[in-house]
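J.: One structure follows; several queries about it will come next.
Computed from the coordinates by the stated procedures, all read-outs in this text should not be read as laboratory data. Computed from a predicted model, the values in this text were never measured in an experiment. Cβ: placed from backbone, ideal geometry, glycine included. Neighbour counts: every protein chain shown.
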């Protein structure tokens, strides 16, 4: 880590000085030696310097056309996935940017996209039309359903990325953004939207989950979350209004998917 911190502190840094260290950082991101956020006991810690380095990667990059036709910064490019990694890439329409950790047994279904700084642990599934945004942290045996959006959080550098812990199911068409943390074994039903400013209605415990001191919404372990609505005051005569909200309808480590459709 020291060599990276020294580079960040260097004044008048040139691209020629930066590039060898940048390539080494991407290699360390690919292998998991370096990651954007790490769990320390039960708390997640953001490594700001990793985000700073990724931003420098964009700063020093120049737009070029790659051999595969991609037009991007020359500091970026596609991550090479070798058969020895035991990762399933089911179609060439799967795109993973260089600088992403992919654990053994991960499956990518076409088409889908994973951005730089992300971490996808062993046995997880990224289904069709899913997006794993920059710096998102995905745990072991996570299922990201078709059309799921996991938001990217690159700036500000101190902001928490979206974190999905182990054994979480995220249903089709759901959107999880702005540094939300989904704790282990939670189930996010199809079509749920959770952001850092979205109150979550815990109907089991009779409370509303609000952003914590870090501005994060934390979905508790084993929670089952479905899309719902709550009434809002209408100033339009004869019109009843409501807005979409996430609702925790039950807790349980073993959930049948069809249960998500039941009251």
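J.: What spacing in nm lies between the two simple spin-label points modelled at residue 236 and residue 71, each 7 Å away from Cα in the Cβ direction?
T.: That separation, rounded to one decimal, is 4.1 nm.
J.: Averaging the inverse of every distinct alpha carbon separation and then flipping it gives the Kirkwood radius. What is it for the chain, in angstrom units?
T.: 19.5
J.: Any chance you could check the Cα centroid distance between the range 233-248 and the range 51-114 for me, in angstrom?
T.: That distance is 42 Å.
J.: Take the Cβ-Cβ distance between residue 62 and residue 83 as r, set R0 to 30 Å, and report the resulting FRET efficiency rounded to the nearest 0.05.
T.: The calculated FRET efficiency here is 0.40.
J.: Roughly how many nanometres apart are two label points built 7 Å out from the Cα toward the Cβ at residue 172 and residue 23?
T.: 4.4
J.: Ranked highest first by the average count of other Cβ atoms within 10 Å around their residues, in what order do 40-47, 74-81, 130-137 fall?
T.: Descending mean neighbour count gives 130-137, 74-81, 40-47.
J.: Related question: Taking every pair of alpha-carbon atoms in the range 168-255, give the share separated by more than 20 Å as a whole percent.
T.: For the range 168-255, the fraction of Cα-Cα distances above 20 Å is 33 percent.
J.: Compute the acute angle (0 to 90°) between the alpha-carbon long axis of helix 48-59 and the principal axis of greatest extent of the alpha-carbon atoms of the chain; round to the nearest 10°.
T.: The angle comes out near 60 degrees.
J.: Grab the Cα-Cα distance for residue 11 and residue 250, subtract it from 0.36 nm times how many residues apart they are, and report the gain in nm with one decimal.
T.: Additional length available on full extension: 80.6 nm.
J.: Now a separate question. In degrees between 0 and 90, to the nearest 10, how far off the longest principal axis of the chain does helix 15-31 point, with axes built from Cα atoms?
T.: 50
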